[in-house]
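Here is the structure we will look at, set down as structure tokens.
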Amino acid sequence: MISKELRDYIQKSFKRGHVICLSGAGISYESGIPTFRGQGGLWEKYDPALYAHLEGLTQLFKTNPIKVIDFIIDFYSVILKAYPNPAHRALAILEKENILTSTITQNIDGLHQEAGSRNVIELHGNAFRIRCNCAPDKTRVLAKDEIKEMIGLLKNHKNSRIKILRVLSRYFPRCLNCGCRYRIDIVLFGEMLPQDELSRAYKELNNCHVLLIIGSSLVVYPAAGLPLYAKVRGAQLIEINNEPSGLSDLCDYRILGQAGEILTEILGVLGYA
Ligand code: NAD
């Protein structure tokens, strides 16, 4: 799958340090989470212009709360079932072996951390975290068990607006300091990326020698601008994707295929398989 030329390059350059990964929805596909644009994704059933928008969700909740509850149940049911796959695990091993410096991800599923990666920069937030609506740095982790419990209660009380509100207020409480309601800590349409995470990403890319771009269509900005930022600073770009992305032509090496298989092969090339 990996050409002889690329094998030689990986063996020569990866151990010299500052390899960084930029991951997208494709890396979690083999964990059972559909990609944003692929078949079977959440957005085939729910219009993202409404459901991936805070204002849209708020308005819809006022008129038809059951639709929002159905969406919350479907959204969490998919990511609660997912476990890290060989691609997430390979990156965690590369980080542990001091080959990979950090993982910048557009994903919100927390699977990199679950696989053991420590230095993870989350550009679009995390579905297992909530935050105060007016203070993005005031966050709280919602454990998987808590979310499972919430989903169970929402399913049971779906037809009672009062009970739904009671359940939601229990898991998304008001902030004790400002009184704002906590919300899910993910970046919805039209919202700014967390600036501290974006700055961390740029800082890492300032010294990057190799950027591994895995499972991203590279059409969502500003994340899609990061490969160019790294490239003009001298990084070599290696893309792993099962089809060409929006920026494939910019990459020095392109590996077509499934992320899990290819990263396992890279581990082998480096002698960690
Ligand atoms: P995308 O859906 O636009 O693109 C996914 C890319 O991965 C595609 O190019 C596809 O060909 C490729 N791919 C699919 N399966 C693959 C596999 N097994 N191995 C290698 N490549 C594979 O995703 P994006 O570029 O990350 O942008 C979508 C946005 O939606 C992001 O902002 C992301 O936060 C969000 N999202 C996140 C998740 C998640 O957290 N797992 C899932 C869906 C969407």
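The values are calculated or read from the model by the stated rules, or taken from the named source; none is laboratory data. Predicted model, so just to flag it, every value in this text is computed and none were measured. Don't worry about glycine lacking a Cβ; one is built from the backbone with ideal geometry, like all the others, and counts go over all protein chains shown.
Taking region 1-60 and the helices (runs of 4 or more DSSP H) fully enclosed by it, the elements with 2 or more residues that are in contact with a strand residue (DSSP E or B) (Cβ under 8 Å, 6 or more places away or on another chain) and in contact (Cβ under 8 Å) with a residue 60 or more places away in the chain are at 4-13. Tyr76 meets the conditions (1) buried (at least 19 other Cβ atoms within 10 Å of the Cβ); (2) assigned to a helix (DSSP H, G or I); (3) in the same structural domain as Leu22 (by TED's automatic domain parsing); (4) more than 10 Å from the chain's Cα centre (by Cα) in every case but one. The failed one is (3). Mind checking whether some residue in region 22-44 is crowded, with 18+ Cβ neighbours inside 10 Å, away from the ligand (no atom under 13 Å from the Cβ) and β-branched (Val, Ile, Thr)? The answer is no, given that none of the residues of region 22-44 is crowded, with 18+ Cβ neighbours inside 10 Å, away from the ligand (no atom under 13 Å from the Cβ) and β-branched (Val, Ile, Thr).
For Ala127, are the conditions met, namely being touching a strand residue (DSSP E or B) at 6+ places or on another chain (Cβ under 8 Å), in contact (Cβ under 8 Å) with a residue 12 or more places away in the chain and within 28 Å of Cys178 (Cα to Cα)? Quick ask: steps written out before the conclusion?
Details: touching a strand residue (DSSP E or B) at 6+ places or on another chain (Cβ under 8 Å): yes; in contact (Cβ under 8 Å) with a residue 12 or more places away in the chain: yes; within 28 Å of Cys178 (Cα to Cα): yes.
Considered against the rule, which asks whether it is touching a strand residue (DSSP E or B) at 6+ places or on another chain (Cβ under 8 Å), in contact (Cβ under 8 Å) with a residue 12 or more places away in the chain and within 28 Å of Cys178 (Cα to Cα), Ala127 comes out as yes.
Strands (runs of 3 or more DSSP E) fully within region 101-143 that include at least 2 residues being modelled with pLDDT of 95 or more: 120-122, 125-132. Evaluate the following for Gly268: is it among the small types (Gly, Ala, Ser), part of a helix (DSSP H, G or I), modelled with pLDDT of 95 or more and more than 23 Å from the chain's Cα centre (by Cα)? Yes, satisfied.
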